[in-house]
1. Please go through the stretch 37-74 and give me each residue that is assigned to a loop (DSSP other than H, G, I, E, B), within 29 Å of residue 13 (Cβ to Cβ) and at pLDDT below 75, ordered by number.
2. Can you name the residue in the stretch 4-19 that is within 12 Å of residue 36 (Cα to Cα) and surrounded by 10 or more Cβ atoms within 10 Å (Cβ to Cβ) and, of all such residues, is modelled with the highest pLDDT?
């Protein structure tokens, strides 16, 4: 980690990400750090399983096969030039 502290990393072949929407996401070849308050998800993991994310105006849209799956309004924060 950036502060040179060590922590346990739980590596799994597939991690099921549960969000507030009806679709679970099975992220392949994913490492999970249980002690972190927030874990990072690489957007490329969504692309591999057939999803497309569009960001802008402090919100995101999630698509699969050109069908809108979910809209997150007001939850995308830009911090240090990155969406958080």
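The values are calculated or read from the model by the stated rules, or taken from the named source; none is laboratory data. Only a predicted model underlies this, so the values are computations on that prediction, with no experimental measurement involved. Here the Cβ is made from the backbone with ideal geometry for all residues, glycine too, and neighbour counts use every protein chain on show.
1. Hits for the stretch 37-74 are 37, 38, 39, 40, 41, 42.
2. 9
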